[in-house]
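Participant: Take a look at the following structure, please.
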Amino acid sequence: MVPRSAETGFRGLGKAPGPAETGTVRKVTVLAGDIRGNLVEVYDGLVAGDRVVVAGVAFLRDGMPVRLWT
């Protein structure tokens, strides 16, 4: 499950940006499932522990630097 704000696609196939180990983001194709409140099920494309971007997703481009906010 990922926050709905991380998913930018439609009809179950979308793009979820995720920070790479280098501190940059890349778009990955995910197979999305049911929406449960503010969460979306992800069947394929992410693994447990992957970090995803949840704000400003529409403005990101592959390779952009990001900072982790905790």
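The values are calculated or read from the model by the stated rules, or taken from the named source; none is laboratory data. As the structure is a computational prediction, the values presented were derived from the model and not from experiment. Glycine gets a Cβ as well: all are built from the backbone with ideal geometry, and neighbour counts include every protein chain shown. Side chains included, ligands, DNA and RNA excluded: accessible areas come from the protein's heavy atoms. Shrake-Rupley method; radii C 1.70, N 1.55, O 1.52, S 1.80 Å.
Participant: Hand me the list of strands (runs of 3 or more DSSP E) wholly inside the chain holding 2 or more residues that are open to solvent by less than 30 Å² (accessible area, probe 1.4 Å), touching a strand residue (DSSP E or B) at 6+ places or on another chain (Cβ under 6 Å) and modelled with pLDDT of 80 or more.
Facilitator: Numbers: elements: 13-19, 25-36, 39-44.
It comes to 25-36.
Participant: Same structure, new question: Please name all residue pairs, on different chains or six or more residues apart, with Cβ atoms under 8 Å, provided the first residue is in segment 51-70 and is more than 15 Å from residue 6 (Cβ to Cβ) and the second residue is open to solvent by 100 Å² or more (accessible area, probe 1.4 Å) and modelled with pLDDT under 85.
Facilitator: Hits for this filter: 62/26; 63/26.
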